[in-house]
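The values are calculated or read from the model by the stated rules, or taken from the named source; none is laboratory data. Because the structure is a prediction, the values reported are computed rather than measured. Here the Cβ is made from the backbone with ideal geometry for all residues, glycine too, and neighbour counts use every protein chain on show.
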Amino acid sequence: MNASHLDLVSSLGASADLHAERPLFGVRRDDGWCWTTYAQFARDVDAFRASLARLGVRAGDRIAIIADNCPEWAVAAYASYGLGAAVVPMYEAQLDADWEHILRDSGVRLCLVANDEIASRVSKLGVTTLERVITIEAPEDAPLAYRRLVREGAEAPLAAIVPEPSSIAEIVYTSGTTGLPKGVLLTHANVTSNVANALSVVPLDHTARSLPFLPWAHVMGGDELHAFIRLGASMALCDDVAKLPDRLLEVRPTCLFAVPRVWNKLYQTVHARIDSASRPLRALFEAGRRASAKARRHEPLHATEHLELAVARRLVFSKVAARFGGRLQYAVSGAAALAPEVAEFIDDLGIVVLEAYGMTESSCVATLNPPEDRRIGSVGKAIPGVRIAIDESVNDRHDGTGEVIIHGHGVMAGYNNMPDETARALTADGGMRTGDLGRLDDDGYLYITGRLKELYKLENGKYVAPAPLEEKLTLRRHIAQAFVYGADAPHNVALIVPDEPALREWAARARVEASSWHELLAHPAVRDFYAAEIDASSTNMREYQKIRAFALLPEPFSMDNGLLTPTLKTKRRKVVERYDALLRTLYAQRMEAARRAEVEVRS
């Protein structure tokens, strides 16, 4: 890796020189896609940098961004890097309290926001270090309008300084599942070396095109931004996740970065359509998948299986793959474990699934499945410059499972203003304690088995990792969200959030009538249906892992009710606090049912 690319400023400069007239960002307008070239982007960065400098921004300052993905976001970030300032990204969907905590903790001097509504909310927070709020959508004649600052800066553009690789590029705050978000200090060397070494595993080049819909405020989304700029590749920005199916057909990406929730939804949607298809088509689909699974295991196929696979690929798999635009080569999944059945399904479509693993504190990617030697179910091997260790001392099972420790180039410089937390997170030899449970196979492939802080012990002494069980439940089309609980209890119970459109569709077919959503969830037929769904998801579970009681929730976990983080992770402690009485009721009902059953048997 070229030493001149150990900072984000040099990385952009090299790409702007080499790919000046190539498209970088595509934005959907009423009349189609409008593209910004690398040369135009570089000019806007130079101009905005000049205006930031005129506003007093200097090396060491912290510049916040509260906006969804847009070219202006990237311009502000790269302009800040070129002044030696650190970028503090946040989400439009975050609560004001989260914004306030992050702005105060990081000591932000200037904040770029998407619109006037956000600007007003931020200004009312009373953060004393915050001097100015720049608004992207403000009219150009407004004093701190983004477009005005770019226009004025273009009259006297300012050359960038080249920051030291060890200087802080970004302060990315954790999702706050267990408390207040922590500011992760990532250096230029952290980010650029992580991107470069991850790209050395995947054969992407400047012809690649992605459709980013993961927020750049998320470390995985940010990695995608920096990686594609480094490649000289292009990104068509997804303006609305609800329009993703249409945008895929328009953009025809070659690479798609997503979290498991997106791939799970695809899996559910396709299977729902297959379930309602003709019997011959269903049989062809299943036969093709069986043959594909054998081929994936390098087992020989009989002549009939070769034919079934060929026909299934032509009549079924290719049509599903075409919904991605017909050019998708790589499906990159991260941020949580991808269920093996979902990965195998995407693989059957002829799309290479690359499951990755990492965390904010490791600058994102630490392990990645190499395209030529993937192991579905694993999160791949350590990328160059990274070493994975397993600390088995955290559990007493002696089965090779333990806390995953990440060593290498991406490990953070520390937590902002939290020296004690930093010391607890890092090992004596500089490794990052992830809090994830995992194991390594003989070839160095990593398998994640749960979260250390989420792991709980049942009354019988058995340890349960709830995340994989919840993942299995949410693969059922009629289950939108699931929460499994059983700490110090005799068995597991679950809180289930039904998928409302899917359930209402089922109820209409089953002629189940109800006057309200609450009444529908309480209907005995619906209860029986979900009991069967839970049983079906438990096929390969061990007895102690199975769900023995459940409740249907009328309200989903969301950011608005404080039960989801901006990265859509469940705040487990908050869920337990909110539904404590309901969870206790589930156990009481189960114990009473067991007591009655025992009495009946004895009588």
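Here is the figure for the stretch 371-384: residues that are part of a loop (DSSP other than H, G, I, E, B), under 20 Å from THR449 (Cβ atoms) and in contact (Cβ under 8 Å) with a residue 60 or more places away in the chain total 4. Look through the stretch 371-385, keep the residues that are aliphatic (A, V, I, L, M) and surrounded by fewer than 24 Cβ atoms within 10 Å (Cβ to Cβ), and return whichever of them is farthest from MET90 (Cα to Cα). Filtering first and then ranking leaves ILE376.
One residue alone among ALA20, ALA39, ALA14 is farther than 18 Å from PHE213 by Cβ and in a loop (DSSP other than H, G, I, E, B), and that residue is ALA20. Residues of the stretch 212-223 being outside any loop (DSSP other than H, G, I, E, B) and surrounded by fewer than 23 Cβ atoms within 10 Å (Cβ to Cβ), which ones? Listed by number, the list holds a single entry, GLY221. When GLU170, GLU152 are checked against the criterion of being buried (at least 23 other Cβ atoms within 10 Å of the Cβ) and in contact (Cβ under 8 Å) with a residue 40 or more places away in the chain, GLU170 stands alone in meeting it. Looking at this structure, is GLY326 closer than 30 Å to THR567 by Cα and in contact with a Gly (Cβ under 9 Å, 6 or more places away or on another chain)? Here the answer is no, as GLY326 does not meet what is asked. Kindly list, by first and then second residue, each pair from a residue in the stretch 51-75 that is within 27 Å of LEU237 (Cβ to Cβ) and in the same structural domain as ALA114 (by TED's automatic domain parsing) to a residue that is of a type in the set (Asp, Glu) and in a loop (DSSP other than H, G, I, E, B), limited to pairs with Cβ atoms under 7 Å and residues at least 6 apart or on different chains. Matching pairs, first to second residue: ILE66/GLU92; ALA67/GLU92; ASP68/GLU92. Of all residues in the stretch 386-403, count the ones that are among the β-branched types (Val, Ile, Thr) and either surrounded by fewer than 22 Cβ atoms within 10 Å (Cβ to Cβ) or not assigned by TED's automatic domain parsing to the domain that holds PHE345 (or both). Matching residues across the stretch 386-403 total 3.
Taken over the stretch 438-484, residues that are among the small types (Gly, Ala, Ser), part of a loop (DSSP other than H, G, I, E, B) and over 22 Å from TYR357 (Cα atoms) amount to 1.
The set of residues from the stretch 377-433 being out of contact with any helix residue (DSSP H, G or I) (no Cβ under 8 Å at 6 or more places or on another chain) and basic (Lys, Arg) comprises LYS381, ARG387, ARG397, ARG424. Of the strands (runs of 3 or more DSSP E) lying entirely inside the stretch 112-193, those containing at least 3 residues that are touching an Asp or Glu at 6+ places or on another chain (Cβ under 8 Å) are 183-187. Against the test of being of a type in the set (D, E, K, R) and either surrounded by 22 or more Cβ atoms within 10 Å (Cβ to Cβ) or closer than 25 Å to ALA47 by Cβ (or both), the options ASP116, ASP96 yield a single qualifying residue, ASP116. The stretch 303-370 holds strands (runs of 3 or more DSSP E) entirely within its bounds, and those carrying 1 or more residues that are surrounded by fewer than 24 Cβ atoms within 10 Å (Cβ to Cβ) and among the hydroxyl-bearing types (Ser, Thr, Tyr) map to 330-333.
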